[in-house]
1. Taking amide hydrogens as modeled 1.01 Å from N in the peptide plane, which residues meet the under 5 Å criterion relative to residue 24, leaving out close sequence neighbours?
2. Choose one of 37, 79, 60: the residue whose Cα lies farthest towards the positive end of the charge dipole of region 20-80 (beta-carbon charges +1 Lys, Arg; -1 Asp, Glu; about the Cα centre).
3. To two decimal places, what compactness ratio does region 20-80 give when its Cα radius of gyration is scaled by 2.2 N^0.38 Å?
4. Any idea how far apart residue 69 and residue 31 come out in nm if each label point goes 7 Å out from Cα toward Cβ?
5. Under 19 Å from a point 7 Å along the Cα-to-Cβ line of residue 24: which residues of region 43-81 have their amide N that close?
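Just so it is clear, none of the values below were taken in a lab; they were calculated from the coordinates. Computed from a predicted structure; not experimentally measured. Using ideal geometry, Cβ is built from the backbone for each residue, glycine included, and neighbour counts are taken over all protein chains shown.
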Amino acid sequence: MRDSEAKKWWQLKKKCSISSYAISALKITRLLVDDTSTKKRIGTEMLILADILAFSISNLVGCKLIIVDAKNEAKGFYQKKWFQ
């Protein structure tokens, strides 16, 4: 990783307040779809985008998993979408 890439990563980490884990991970803290937009696959599309992002940065930062910090009422949605 070049110094400029490392600097950008640390700035992003600070801005997003990304927590440190023993394994590099992409953390989704809140993924929200407005009530008027439910059942339109928008949440699913956002998860697919997060998965693509994790895969894209995996070589740069060694991202091995995606962590979801979901509210209790949203856990069923994530479990249907391959999260445990």
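1. When sequence neighbours closer than 5 places are left aside, the close amide H contacts are 64.
2. In region 20-80, that residue is 79.
3. Numbers: Rg = 12.7 Å, N = 61, 2.2 N^0.38 = 10.5 Å.
Output field value: 1.21.
4. 1.6 nm
5. Within reach of a label on residue 24, which here means backbone N under 19 Å from a point 7 Å along Cα→Cβ, region 43-81 contributes 50-68.
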